Amino acid sequence: MTRIIIADDHTLFRIGLRQMLESFAGISVVAEAANAGQMLAAAQTVEADLLITDLTMPGTGGMQLIEQLRQQHPALPILILSMHDEPATVRRALQAGATGYITKESTPDTLHAAVRQVAAGERFIPAALAETLAFESVRPTSLAHETLSQRERQIFKLIAQGEMLSQIAEQLHLSPKTVTTHKTHLMEKLGIGNNADLIRYAIEHRLFD
């Protein structure tokens with residue numbers, strides 16, 4: 001029996017993921033987590049053969065979370081299940097310690113194959129994603145900020161200028177939650193964990209002079 005911990009901050013997605021996983025023979029979901037803290041606690045207290053997690057969750061997220069998990073539980077395979085398919089994000093997740101990476105657009109067959117392979121201690125990346133990574137590696141090296149969307153760059157600029165998230169939300173006519181989500185995504189893409197490093201990155205790359 002393959003014992004799995006799943007982590008995602010969207011309740012309906014977790015319910016659907018659990019049902020799909022448990023429809024596969026020999027798989028049991030032994031714990032669920034809605035944020036980074038719950039996931040770290042589950043990994044500490046529950047015996048599991050595999051952790052499936054999103055990159056973007058409340059609390060510590062992204063590459064920092066993968067690195068923390070790898071430090072605390074070096075033998076626990078980690079499968080990333082994310083909405084992001086940018087080569088730079090996938091590559092950084094694997095470098096941080098993820099064992100496999102699939103997107104939320106994957107088919108049930110791909111999920112099943114990923115679970116079997118990653119739980120066995122092997123790496124897994126879908127063929128199409130692996131091909132994208134391969135072609136990306138022979139192109140001129142791009143900088144992380146070049147993967148940002150127009151909205152993410154807009155919010156990045158305002159943060160670098162010292163604006164508070166509430167002020168940014170008001171200026172852009174967005175909800176504070178939406179602005180926070182965009183900020184989380186752009187920080188993940190840049191591999192940055194706090195505002196000070198975000199501002200330092202902007203200065204070093206002369207992004208908003």
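The values are calculated or read from the model by the stated rules, or taken from the named source; none is laboratory data. Values in this document were obtained by computation on a predicted structure and should not be read as measured data. Heads up, the Cβs are rebuilt from the backbone with ideal geometry, glycines too, and the neighbour counts pull from every protein chain shown.
Looking at the stretch 136-151, is at least one residue of a type outside the set (Asp, Glu), under 16 Å from the mean Cα position of the chain (by Cα) and buried (at least 19 other Cβ atoms within 10 Å of the Cβ)? Don't jump to the end; show me each part of the working.
Within the stretch 136-151, the first condition is being of a type outside the set (Asp, Glu), and the residues that meet it are 137-145, 147-151.
Still in the list and also under 16 Å from the mean Cα position of the chain (by Cα): 144, 147-148.
Going one step further and asking which of them are buried (at least 19 other Cβ atoms within 10 Å of the Cβ), we end up with 148.
Checked the stretch 136-151: at least one residue is of a type outside the set (Asp, Glu), under 16 Å from the mean Cα position of the chain (by Cα) and buried (at least 19 other Cβ atoms within 10 Å of the Cβ).
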(message) Looking at the structure I just gave you, is Leu133 under 25 Å from Arg70 (Cβ atoms) and out of contact with any strand residue (DSSP E or B) (no Cβ under 7 Å at 6 or more places or on another chain)?
(response) yes
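In this structure, is Ala119 in contact with a Leu (Cβ under 9 Å, 6 or more places away or on another chain), at pLDDT 90 or above and buried (at least 19 other Cβ atoms within 10 Å of the Cβ)?
Working: in contact with a Leu (Cβ under 9 Å, 6 or more places away or on another chain): yes; at pLDDT 90 or above: yes; buried (at least 19 other Cβ atoms within 10 Å of the Cβ): yes.
Criteria met by Ala119.
Identify, from the list Met1, Met20, Met83, Met57, the residue that is surrounded by 21 or more Cβ atoms within 10 Å (Cβ to Cβ) and not polar (S, T, N, Q).
Values: Met1 fails: surrounded by 21 or more Cβ atoms within 10 Å (Cβ to Cβ); Met20 fails: surrounded by 21 or more Cβ atoms within 10 Å (Cβ to Cβ); Met83 fails: surrounded by 21 or more Cβ atoms within 10 Å (Cβ to Cβ).
The match here is Met57.
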(request) From the list Ile78, Ile155, pick out the single residue that is modelled with pLDDT of 90 or more and in the same structural domain as Val179 (by TED's automatic domain parsing). (result) Ile155
(request) Name the residue, out of Ala98, Ala75, Ala93, that is part of a loop (DSSP other than H, G, I, E, B) and crowded, with 20+ Cβ neighbours inside 10 Å. (result) Ala98
(request) Inspect all residues belonging to the stretch 125-135 and state whether any of them is buried (at least 16 other Cβ atoms within 10 Å of the Cβ), of a type in the set (S, T, N, Q), modelled with pLDDT of 90 or more and under 26 Å from Ile192 (Cβ atoms). (result) no
(message) Given (1) surrounded by 15 or more Cβ atoms within 10 Å (Cβ to Cβ); (2) more than 28 Å from Thr53 (Cα to Cα), identify the lone condition not met by His173.
(response) (1)
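Name every residue in the stretch 154-176 that is part of a helix (DSSP H, G or I) and among the polar types (S, T, N, Q), in order of residue number.
Answer for the stretch 154-176, where residues must be part of a helix (DSSP H, G or I) and among the polar types (S, T, N, Q): Gln154, Ser166, Gln167, Gln171.
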(message) Any residue at all in the stretch 44-67 that's under 29 Å from Ala144 (Cα atoms) and without any contact (Cβ under 8 Å) to a residue 12 or more places away in the chain?
(response) no
(request) For Arg70, state whether it is in contact with a Gly (Cβ under 7 Å, 6 or more places away or on another chain) and either part of a helix (DSSP H, G or I) or at pLDDT below 95 (or both). (result) yes
